[in-house]
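Q: My questions all concern the structure below.
The values are calculated or read from the model by the stated rules, or taken from the named source; none is laboratory data. Quantities reported herein were computed from a predicted structural model and do not represent experimental measurements. Virtual Cβ from ideal backbone geometry, glycine too; neighbours counted across all protein chains shown. Heads up: the accessible areas ignore ligands, DNA and RNA and are worked out on the full protein's heavy atoms, side chains in. Shrake-Rupley method; radii C 1.70, N 1.55, O 1.52, S 1.80 Å.
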Amino acid sequence: MTPAEAAARLAEAQRSATPIAQLDLPDPATGYQVQQALVTDPLIGLKMGLTSKAKQEQVGVDEPIWGRLTAPMRVPDGGTVDTGQLIHPRIEPELAFRLGPGGEPDAAAAALEVIDSRYADFRFTLPDVIADNTSAARFAVGPWQPVPDRLADLAVQLEVDGEVVQTGSTAAILGDPRRALASGLALARRAGITPEPGWVFLAGAATAAVPLRAGAKVRAVVAGLGSASVVAA
């Protein structure tokens, strides 16, 4: 199977909201080739995936990865996520950066990411999840704030219908979200991607993801950075 053929299978799974069997790609490099062929919309940002041990254990892999963000993935803060367009969506709290010149962060915010593996049973190998653009589906970013001096130990919580369902710390994001930013930008540049001012960078999840069901109201809160929310339909 060529990268283009693999990307076509994933694209059809996304379009039809129908899971497919694992692709069993041979290595991460091939996964990134497929990812590049899959994501054809102009980029508005980048994301890290599997930056916490909790997430790595949840999906059965053992290293962080990076993916691409596009305008169709973005949901306004407080906006609606149509779960009918997705297969088996999960949601997690994130810390987001807004990039300035040279990729330096000029603002930070609480964020939510909806992930939705296109593989059956949400099971995949590392190369396969890379190919699937790190399970990226939707994201929302709260109001931008000045970047705090300290980012390594901010408290994070995920609320569903007003109930706290997950708690964590930004320390789960490679020890410090700035480290995730540096790592992600280096990997993207190695792939020939130059970050642009105004791009969003999702540094990674601070907790495990939880299933996103229709009707749920979900909020991520990051200490000192406020909150971001979505409603599932």
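Q: Among the residues of region 93-140, count how many are of a type in the set (D, E) and surrounded by 21 or more Cβ atoms within 10 Å (Cβ to Cβ).
A: Qualifying residue count for the region: 5.
Q: Filter region 32-53 down to residues that are in contact with a strand residue (DSSP E or B) (Cβ under 8 Å, 6 or more places away or on another chain), closer than 17 Å to D116 by Cβ and at pLDDT 95 or above, then give me how many there are.
A: Of the residues in region 32-53, 4 are in contact with a strand residue (DSSP E or B) (Cβ under 8 Å, 6 or more places away or on another chain), closer than 17 Å to D116 by Cβ and at pLDDT 95 or above.
Q: Give P148, P195 a once-over and let me know the one that is assigned to a loop (DSSP other than H, G, I, E, B) and open to solvent by 20 Å² or more (accessible area, probe 1.4 Å).
A: That would be P148, the only listed residue that is assigned to a loop (DSSP other than H, G, I, E, B) and open to solvent by 20 Å² or more (accessible area, probe 1.4 Å).
Q: Let me ask something additional. Taking the condition more than 16 Å from G67 (Cβ to Cβ) and touching a residue at least 12 places away in the same chain (Cβ under 8 Å), does A96 pass?
A: no
Q: Further, regarding this structure: If I ask for residues that are open to solvent by 10 Å² or more (accessible area, probe 1.4 Å) and out of contact with any helix residue (DSSP H, G or I) (no Cβ under 6 Å at 6 or more places or on another chain), which ones from region 213-233 would you list?
A: Once the filter is applied, which keeps residues that are open to solvent by 10 Å² or more (accessible area, probe 1.4 Å) and out of contact with any helix residue (DSSP H, G or I) (no Cβ under 6 Å at 6 or more places or on another chain), region 213-233 yields R213, G215, K217, R219, V221, A223, G224, G226, S227, S229, V231, A233.
Q: Can you pull out every residue in region 205-217 that is closer than 23 Å to E57 by Cα and in a strand (DSSP E or B)?
A: Passing the criteria: A205, V210, P211.
Q: Sticking with this structure for a sec: Tell me whether region 145-163 contains one or more residues that are modelled with pLDDT of 95 or more and at positive phi.
A: Yes: region 145-163 contains one or more residues that are modelled with pLDDT of 95 or more and at positive phi.
Q: In region 54-76, which residue that is open to solvent by 70 Å² or more (accessible area, probe 1.4 Å) and modelled with pLDDT of 95 or more is nearest to V34 (Cα to Cα)?
A: By that ranking, first place goes to P72.
Q: Under 7 Å between Cβ atoms, at least 6 apart or on separate chains: pull out the pairs that start in region 106-126 with a residue that is part of a strand (DSSP E or B) and end on any residue that is crowded, with 19+ Cβ neighbours inside 10 Å and among the hydroxyl-bearing types (S, T, Y).
A: Close Cβ pairs (under 7 Å, with a partner that is crowded, with 19+ Cβ neighbours inside 10 Å and among the hydroxyl-bearing types (S, T, Y)) amount to A110/S227; I115/S135.
Q: Of the numbered conditions (1) touching an Asp or Glu at 6+ places or on another chain (Cβ under 7 Å); (2) within 18 Å of A96 (Cβ to Cβ); (3) touching a residue at least 40 places away in the same chain (Cβ under 8 Å); (4) not in a strand (DSSP E or B), L202 satisfies every one except a single condition; which is it?
A: (4)
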